[in-house]
Amino acid sequence: MDFKRLSSPVADIKSHYDVVVIGSGYGASIAASRMSRAGKKVAMLEQGKEFIPGEYPRTLAEADREMQVNTPKEHIGSNTGLYDFHVNEDISVFKGCGLGGTSLVNANVALPPEERVMESDRWPAAFRADMPLFKRNLDRAWNMLQPNPFPEGQNGYGKLPKSEAMKKSAAGMGAPFRYTDINVHFEDKVNSAGVQQYKCSCCGDCMTGCNYGAKNTTIMNYIPDARNHGAEIFTMVAVSHVSKSDNGMWVVHYKIQNAESEKFNAPDLFVTADMVMLGAGSLGSTEILLRSKANGLNVSDMTGAGFTGNGDVLGFSYNSDVEINTVGFGTHKPGEIAPVGPCITSVIDLRNQPVLEDGMVIEDGNVPGPMASIASGTFLGIADTFGEGNKSFIETTKEKTLELLGSLDGAYHGPMNKTQAFLVMTHDNGNGRMLLENDRLKIEWPGVGKEPIFEKVDANLKKATAAIGGTYVPNPAWTKLMNYSLATVHPLGGCMMADYATGGVVNHKGEVFSGASGTDVHKGLYVCDGAVIPLPLGVNPLITISAVAERTCELIAQDQGLTINYDYTAFNQGDASTIKPGVQFTETMKGFWSASEKDDFQKGADAGKASGSSLEFTLTMISDNVDEIVKTTGHTAALAGVVEAPALSSKPLTISDGVFNLFVDDTTAAAPTKLMKYSMVMNTEEGKQYFFYGYKVVCDTDGLDKLWKDTSTLFITIHDGPDEQSPVLGKGILVIEMKDFMTQMTTMKALNVSSTVRQLEVMTEFGKYFSGALFEIYIKDKLSAKI
């Protein structure tokens, strides 16, 4: 497999784009693809990291490093952890965090909802009035995502034990069984976006990340298609909120995730755009709009309302009478253990009931391989506590003995290997609400788990379990002990479509309403993901979300006179980046400058101090290739960050085109001298640009006593324009305070390496260069003279 990076270095973010897309799941990826195909200059901002096949966790320890937990009070784990859990009292949510969004960790089922769902009057009238528009875009999404059923008996694939068990459950229930369409490749082929994909290994690890390039996540189709048409992809960018500048441009406020600028209390960075498309998912897009509202953006009071868990329920048939092959491969290679299959392959379809809301689907599932080491013990304990069976005392005693022995035999044998996972989608009432509390997202939905529909789900799962002779185990959270709390992997709503702002947050086009009532909208601000869905779908929602996003893009093109060319384009991977070890650190410097002094740095600093003309920056030096900063003559790294200079703008300025040169020789100096150089464009929210050039002089004129002053004093020149040829506006001096230097040391890190040993090697290589340069200036000649 030869997959390369799709993302660009975060320091390459420009100051302005035609379109900024926030997120990278289905809706966001579609927005980036279609707007770039329409000729717009697009930037995609994703909060998480980029993974390529082969990099997803295979062990529990690796998975643990990718866990993050958000509660209404705190955050635990890495801000960029792939597995993102939002834990709340009434309902909790699991979603993905990474380039590709939740498509990286879902079961990739493409199942359109019942016609009655799409005909519901909870959709805007204009949406329902043109169903051919929706269906045309459903076809477009289907063509890109390429769902198809598991090919039992074809292309080398046999029967899957978990699907065979589902057939028995369906027969026992007198219900229809079928293989469902899933976004997985079952042969090596180039997909509809021109990307080479590979045959599914049936590893069962879809929900921890496909390491074989078979799963049709958005990094396999829409995102490379966007990149292929000029979109720029940036990861590790956490968007806080959006606002409007004084000249009408959209301002997207963000932080670089791993820069640790919060240690310096630095303000957010920003990028401006003519159009912003929120695609951060139901939780992410809603949180951004709620925070935007808190920062003054006028939006509907319905923001956060209409949250639904899509009727998700999880249950298990523990220690069934049939083999299931429950646990994914994890560290096992294909052929070492029996095939598991894709996470979901089949469905017992209980829809088309007289009452729509009574319908549901039951799908098979499995436990991902990274959980193998704890699966047996965990399920044994859960089954003992919450399990329900219908066996005699003698049968139960015999079963418990075998369970205990089997649990000692590992997850690939015994009771665990006979455990069937059931994943259910149905119709809750959709009355959950998201809100910000102390600037943290909270979901409130009192009593949701006690809705009557979940008792009906429970009854059906008991029937499905009985048909294969297992012990029924409900989700441990959905018990009296836990007050019937729910969990969902299919969050929808929060920015609902509606006819008016009194009923929702966006209109049928996805345009955000600009007030608490009426139909006026913020031109150029859209939501294009699951947040706009106004009701539970009762099925896996990905294909519906994708169709609605495709529909939004077609309507944008109509409104703006754009042409979206949907023709096939081969993916050009040649210029995709190859990852190399790098280094990074964040630095704060503070001082003064004056527009009244054009020549002398000290006079500029003195005049600036007297008049209160301060300047402070927090910059992150980023080298995505340590050799660039250590071995090349320019010793170059990129700069990203923010500047506060009240004389230039009352609001922070974000930098672009930042370049840092570490210890370059000053060939004009009489004594051995090295310079540390900073150059960058400073951008205001209104689009005004200033050029910044600064340098530190490292020269042994007073011995080691001068080392700290040399390395902590920056002589700066501000130009009134975007480059060094622009007129000089003023001069001054910045310094590093010792406390900030000590903080800076804690931000130093190796990039693009996973092992601790390799991190140490990269930092040692950088440290040797840094200390070596200082040795050459301050010590070498004196030492030679003594010798």
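The values are calculated or read from the model by the stated rules, or taken from the named source; none is laboratory data. All values reported here derive from a predicted model rather than from experimental measurement. Neighbour counts are summed over all protein chains in view; Cβ atoms, including those assigned to glycine, are modelled from backbone coordinates with ideal geometry. To get the accessible areas, we keep the full protein, side chains included, count just its heavy atoms, and leave off ligands, DNA and RNA. Shrake-Rupley method; radii C 1.70, N 1.55, O 1.52, S 1.80 Å.
Checking A43, A61, A38, A31 one by one, the residue that is among the small types (G, A, S), open to solvent by 10 Å² or more (accessible area, probe 1.4 Å) and at pLDDT 95 or above is A38 and no other. Scanning region 699-729 for residues that are closer than 22 Å to E587 by Cβ, part of a strand (DSSP E or B) and at pLDDT 80 or above turns up T713, L714, F715, I716, T717, I718, H719. Among the residues of region 286-332, the one identified as over 30 Å from N366 (Cα atoms), surrounded by 24 or more Cβ atoms within 10 Å (Cβ to Cβ) and either among the acidic types (D, E) or in contact with an Asp or Glu (Cβ under 6 Å, 6 or more places away or on another chain) (or both) is E287.
In region 473-480, is there at least one residue being of a type in the set (V, I, T), more than 20 Å from S36 (Cβ to Cβ), touching a residue at least 24 places away in the same chain (Cβ under 8 Å) and buried (at least 23 other Cβ atoms within 10 Å of the Cβ)? Yes, that holds for at least one residue.
Does Y157 satisfy the condition of being closer than 27 Å to S317 by Cβ, open to solvent by 10 Å² or more (accessible area, probe 1.4 Å), assigned to a loop (DSSP other than H, G, I, E, B) and aromatic (F, W, Y)? Steps first, please.
On the way: closer than 27 Å to S317 by Cβ: yes; open to solvent by 10 Å² or more (accessible area, probe 1.4 Å): yes; assigned to a loop (DSSP other than H, G, I, E, B): yes; aromatic (F, W, Y): yes.
Taking the combined requirement at face value, the residue satisfies it.
Taking first residues from region 364-379 that are free of Cβ contacts under 8 Å to residues at least 40 places away in the same chain and partners that are in a helix (DSSP H, G or I) and buried (at least 19 other Cβ atoms within 10 Å of the Cβ), the Cβ contacts under 7 Å between residues at least 6 apart in sequence or on separate chains come to G377/S407.
Please enumerate the residues belonging to region 625-641 that are part of a helix (DSSP H, G or I) and open to solvent by less than 10 Å² (accessible area, probe 1.4 Å). Steps first, answer last, please.
Going through region 625-641, the residues part of a helix (DSSP H, G or I) turn out to be 626-630.
Selection gives V626, I629.
Look at (1) modelled with pLDDT under 95; (2) in a loop (DSSP other than H, G, I, E, B); (3) buried (at least 18 other Cβ atoms within 10 Å of the Cβ) and you find that G430 fails only one, number (1).
Candidates are the residues of region 186-209 that are in contact with a strand residue (DSSP E or B) (Cβ under 8 Å, 6 or more places away or on another chain), more than 18 Å from Y566 (Cα to Cα) and assigned to a loop (DSSP other than H, G, I, E, B); the one that is most open to solvent (accessible area, probe 1.4 Å) is D188. Can you pull out every residue in region 433-467 that is touching a Gly at 6+ places or on another chain (Cβ under 8 Å) and open to solvent by 80 Å² or more (accessible area, probe 1.4 Å)? Within region 433-467, R433, K463 meet the criteria.
Output the residues belonging to region 285-323 that are within 29 Å of T588 (Cβ to Cβ) and of a type in the set (G, A, S).
Just the residues of region 285-323 that are within 29 Å of T588 (Cβ to Cβ), to begin with: 287-288, 291-292, 294-296.
Selection gives S292, A294, G296.
Every condition in (1) over 21 Å from D740 (Cα atoms); (2) surrounded by 16 or more Cβ atoms within 10 Å (Cβ to Cβ) is met by I622 except one, and the failing one is (1). Out of all the residues in region 609-618, is one or more of a type in the set (K, R), closer than 17 Å to I736 by Cα and modelled with pLDDT of 95 or more? Scanning region 609-618, I find at least one residue that is of a type in the set (K, R), closer than 17 Å to I736 by Cα and modelled with pLDDT of 95 or more, so the answer is yes. Per the listing H16, H75, H86, the residue uniquely open to solvent by 30 Å² or more (accessible area, probe 1.4 Å), in contact with a strand residue (DSSP E or B) (Cβ under 8 Å, 6 or more places away or on another chain) and either of a type in the set (D, E) or closer than 20 Å to Q257 by Cα (or both) is H75. Counted as qualifying within region 23-121 are the helices (runs of 4 or more DSSP H) with 3 or more residues that are closer than 29 Å to A226 by Cα and touching a helix residue (DSSP H, G or I) at 6+ places or on another chain (Cβ under 6 Å), namely 26-37. Across region 609-616, a minimum of one residue is classified as surrounded by 23 or more Cβ atoms within 10 Å (Cβ to Cβ), closer than 21 Å to F264 by Cα and touching a strand residue (DSSP E or B) at 6+ places or on another chain (Cβ under 7 Å). Only one of the numbered conditions (1) within 25 Å of R351 (Cα to Cα); (2) surrounded by 22 or more Cβ atoms within 10 Å (Cβ to Cβ); (3) within 23 Å of the chain's Cα centre (by Cα) is not met by A487, and that is (2). Checking each residue in region 499-514 for being touching a residue at least 40 places away in the same chain (Cβ under 8 Å) and open to solvent by 10 Å² or more (accessible area, probe 1.4 Å) picks out D499, T502, G503, N507, H508, K509, S514.
With respect to the conditions (1) open to solvent by 50 Å² or more (accessible area, probe 1.4 Å); (2) more than 24 Å from E262 (Cα to Cα); (3) over 32 Å from the mean Cα position of the chain (by Cα), I718 falls short on a single one, namely (1).
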